[in-house]
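The values are calculated or read from the model by the stated rules, or taken from the named source; none is laboratory data. Predicted, not measured: the structure shown is a model, and the values here were computed from it. Heads up, the Cβs are rebuilt from the backbone with ideal geometry, glycines too, and the neighbour counts pull from every protein chain shown.
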Amino acid sequence: MKLLIRIITIIFAVILLFSMQAMAKVTTITIWAPHDFDVRYGPEYNKILWGPFEKENPDIKIRWVRVPEWEQKFRIAAAAGTLPDIFAVDGINVPAYAARGLLESLDRFIPAEVINDYVKGCYDEMVWEGKCYAVGLETNTQFVIYNPDLLAKAGLPGPPRYWEELVDFGKKLTIDTDGDGKIDQWAYIVYVGRGEYQMWLQTPYIWQNGGEVVDEKFNKALCNQPKAVEALQFVSDLFNKYKIAPKPGDILAGPVWPVVATGKFAIEHIGTFAILPVQKSYPEFKFKVAPHPWPRAGKRITGCGGWHFSLWTGSKSKEEAAKVMNYLTSPYIIQVLGDSYGIPMRKSLMGQFERMKYHPWDVVLDQLNYTKPRPRHPQYPYITDAIQEAFDRTVYGGVPAQEAMNEAARKIDLALAKK
Amino acid sequence: MFRGGWVENLVKNLLLYIILTAVGLLFALPFLWTISTALKESAQIWQFPPRWIPNPFQWQNFPEALKIMNFLLHLKNTLIVVFTSLVGVLFSCTLVAYGFSRFRFGGRNLLFIVLLSTMMVPPQVTIIPIFIIFTKLQWVNTFKPLIVPAFFGYPFYIFLLRQFFMTIPYELDEATIIDGGDYFTIFWRIILPLSKPALATVSIFHFIGAWNDFFGPLVYLSENTKYTLAVALAAFRGVYWTYWHYLMAASVVVALPCLLLYFFAQRFFIQGITLTGMRG
Amino acid sequence: MPWSWYRPRTCIARREARFGYLFISPWIIGFLLFVIGPLLASIWLSFTDYELFTPPVGIGFRNYQELLFKDPLYPLSLFNTVYYVIFAVPLGLIVSLLLALLVNQKVKGITVYRTIYYLPSVTSGVAISLLWLWLFNPQLGLINYILGKVGISGPGWLVEPKWAKPALIIMSLWGTGGAMVIFLAGLQGVPTHLYEASELDGANWWQKFRHVTLPMISPVILFNLIMGLIGSFQVFTQAFVMTQGGPSNATLFYVLYLFRNAFLLLRMGYAAAMAWILFLIVLVLTLFQLKFSSKWVYYETKLEGR
């Protein structure tokens, strides 16, 4: 009898233990992003990125899914209502998604001092209409990357600081090196026309000249005003009139990029994301960076932009996902992502990155102070489409700048009138 | 027949080989460039003027690329999807094409037009409703959306097979019926054996199509471990940077099974079906 | 049920009809399960304003009105696509048929050549697009480099509005391996006794081609023609990856513009309207082809009513 009771007690204890295990529920938080964590961090990426969090929170597991060809998959899933708890967002889309109820406002999860700690360009994209909807994944600014040897060979003191200097220097740098009558070396290259990357590069030209794409209150398009049209004309002239830049042969950040590494181009207008990969893939290429030129009579302005993490309003595990969002703002993650993509996103942690004191990062940090985000409006898709088309038609199709901008303004006004 | 024949033949053959090789080079050029790039180190890829022979040969690009993209796992996924859907395609498309090509029934022509019409609607507008259907069936994040529809036929293959089946003389069907066979016997003993080139074509097309299908797996699968090779290849195209040497190396390896399949399927492309004793 | 034009009179005919339906039933079932719903849904969507993340809102015929009367880019996208189709389809047919004839020879090693010609079709569309982006690069690409060696100054290809579409058409010819394989299979199916008989009658190679080969492969020609039409009207991937519709809207093809509206501008309803207009256009063209085909396509199965 005693043996029987002992056996029953043991069985009970085992059952109790097992059920306690089962009761300790593990929530899986899914994150979607197009970024190449698996390539950058190798097969151990899960441990590197999420290890510290999962150790601290054993009841939460993070599952990261790499999503190439982001736009299509994301939008189909969004339309069908099957998004993950956390997903990456291109900063420019934050107003569009937030206005349509996709993004959860983060102010009640993340302390205000953390949000305000993000560097200027990043912060501008995280916050919309006073609320924070995203935290930075990586952020970028712009500059020109140049080949100091080619500049020295042409007898130039340094990179051009103003548009006028760009044209002058450019003429000396666009040369026929082997005497066959064809230009072999180009002074400048910037990707303009169709594509969001192109849009990112070409909008600062408008702003530098004192122009605007839309007015502050988003009531009206201003891209057909003289200053903006002048800017478009200047960009087009670089290709068509002064001929110091060749029209790029591809659209997306494609095959030959950064072209300045091929030795056939002297100066390229590009973004921060290029620095680390260029240093790694072209170790022999000695390059320097400088702020990209602005008109003498204009302002020094540059673009900002990058991707962020957002919390889906339809997530079934918001509390746990919020913990993950907080983790994504932690010094550890800022360090990991900053080392990998370039710019440390939180001001208070800048000191941990020694390299930010040296070239080229000191120029980058400086540029961060002059950034301006692309128009923050739920109808941004129309705005970017209209401006891209204007640049495309003028630069590649020879359409007069004023006419192209008029058409763009017409489209933007139509779109702004909708909401 | 000796009438100066062998010299003439030699010249003809030589000419043929010259043309074949010249055209072949044109077609192979981009692929050769892929292999050349696959063996280079990053900095050498975009040199100008273009350099065909890498120096040094980075053979390690291949194993490195395959390791990074977790080749074996995605190979397994791809094989599962491709072979199961291939079975589905061969099963359904042959039967349906048989029906359309040799039977008279009411509304046949209309239904055939409907079949063709389904290919005329750009998929971009139907993808969301289709995706919603699969979500409701809870098939999302499984291989089912990639495999099950194959068992119901794809219009492209049905149309192709129908055209081929219609080149087979009806007298053969009649002969089989006289010998006591039924519709299935005709299908199994006459139609299928005489359609070897067509069946080989359908198999090749579907194998390669499913092998390289990027969009389907992208949309329906939401887990890194479930992706097929085509999606895994995209791993080398980051948001800002493409690892060209790895991408090319991996692309070459991923393309090899398709090439081998095609090469060996050539045995089904035999010249001329001799229909002895079957003069109408 | 549209029985009106065909009423099976005899027992055998009724049996034949029943088996006909049986054999095509897999497709019918699949159609009802997976195809008809989304098709009807997309028709309905074309009468709405659907921003993807918010539910669709009915707006009647406004999408169609805007498309046909107010949008300057719509007729342009149609023009670009028709331009592409007019060149790519006939050229594609001719090139693939020539290739198939070329590799239909019984010489040693022909299998190797067949494989080489099929190489392009084996690589994924995106990889090919990226490759050709580089090939067509005016300053650094292989094509202009080779042209330069022969003394020709290559055009801007994908950077010049005049040359962008021709560049894509050339690219499409390189990818005709699929049609070539289908033609090859068709050529293989031509009974050799017909060639032998015509040789006895003293036919030369052109007469053999014109009077034996062409008629016997005409069903396959029809297939490649119709599929070529349907496919090239939907040309998309190359423009999407390589040019995004540029330069200066030269490669803004119909489905690319559709895609842009659907997924980038969040106007899925508008895109659905575009889709159904395209459907009508392609349907009319295909029906025309099919009707006209009875004049030149030869089927062994003389199915009058079959």
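Summary of computed values
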quantity: Residue count, region C:137-156 (criterion: outside any helix (DSSP H, G or I) and either without any contact (Cβ under 8 Å) to a residue 12 or more places away in the chain or surrounded by 23 or more Cβ atoms within 10 Å (Cβ to Cβ) (or both)); calculated: 8
quantity: Identity of the residue in region B:118-176, hydroxyl-bearing (Ser, Thr, Tyr) and within 20 Å of C:Phe23 (Cβ to Cβ), that ends up nearest to the chain's Cα centre (by Cα); calculated: B:Tyr157
quantity: Search result, residues across region A:386-417 that are among the charged types (D, E, K, R), touching a residue at least 24 places away in the same chain (Cβ under 8 Å) and crowded, with 23+ Cβ neighbours inside 10 Å; calculated: A:Glu389, A:Asp392
quantity: Helices (runs of 4 or more DSSP H) contained entirely in region A:312-419, each with at least 2 residues that are away from chain C (no Cβ under 11 Å); calculated: A:318-328, A:331-341, A:361-367, A:401-418
quantity: Filter pass, C:Phe233 being away from chain A (no Cβ under 12 Å), more than 25 Å from A:Glu69 (Cα to Cα) and of a type in the set (Phe, Trp, Tyr); calculated: no
quantity: Conditions (1) crowded, with 19+ Cβ neighbours inside 10 Å; (2) more than 9 Å from chain B (Cβ to nearest Cβ); (3) out of contact with any helix residue (DSSP H, G or I) (no Cβ under 6 Å at 6 or more places or on another chain): number failed by C:Val57; calculated: (1)
quantity: Helices (runs of 4 or more DSSP H) enclosed by region C:17-136 - at least 2 residues per element that are of a type in the set (A, V, I, L, M, F, W, C); calculated: C:36-45, C:73-102, C:110-122, C:125-135
quantity: Those helices (runs of 4 or more DSSP H) lying entirely in region A:37-141 with at least 1 residues within 14 Å of chain B (Cβ to nearest Cβ) and not basic (Lys, Arg); calculated: A:37-40, A:45-56, A:70-79
quantity: Count - residues of region B:89-105 that are assigned to a helix (DSSP H, G or I) and either closer than 24 Å to C:Thr10 by Cα or at the interface with another protein chain (Cβ under 9 Å from one of its Cβ atoms) (or both); calculated: 11
quantity: Options A:Val127, A:Val135, A:Val192; residue that is modelled with pLDDT under 95 and among the β-branched types (Val, Ile, Thr); calculated: A:Val192
quantity: Considering residues of region A:105-127 that are surrounded by 23 or more Cβ atoms within 10 Å (Cβ to Cβ) and not hydroxyl-bearing (Ser, Thr, Tyr) only, the residue farthest from A:Thr302 (Cα to Cα); calculated: A:Leu106
quantity: Yes/no for C:Phe259 being assigned to a helix (DSSP H, G or I), touching a residue at least 12 places away in the same chain (Cβ under 8 Å) and within 14 Å of chain A (Cβ to nearest Cβ); calculated: yes
quantity: Subset tally (residues that are away from chain B (no Cβ under 11 Å) and touching a helix residue (DSSP H, G or I) at 6+ places or on another chain (Cβ under 7 Å)) for region C:281-302; calculated: 1
quantity: Test result for B:Ala150, in contact with a Gly (Cβ under 6 Å, 6 or more places away or on another chain) and more than 7 Å from chain C (Cβ to nearest Cβ); calculated: yes
quantity: From C:Ser77, C:Ser129, C:Ser172, residue being among the hydroxyl-bearing types (Ser, Thr, Tyr), closer than 23 Å to B:Leu25 by Cα, away from chain A (no Cβ under 12 Å) and touching a residue at least 60 places away in the same chain (Cβ under 8 Å); calculated: C:Ser172
quantity: Region A:226-246, subset over 19 Å from A:Glu407 (Cβ atoms) and basic (Lys, Arg), residue surrounded by the fewest Cβ atoms within 10 Å (Cβ to Cβ); calculated: A:Lys241
quantity: Selection within region A:189-204 - outside any loop (DSSP other than H, G, I, E, B) and either under 15 Å from the mean Cα position of the chain (by Cα) or more than 13 Å from every other protein chain (Cβ to nearest Cβ) (or both); calculated: A:Glu196, A:Tyr197, A:Gln198, A:Met199, A:Trp200, A:Leu201, A:Gln202, A:Thr203, A:Pro204
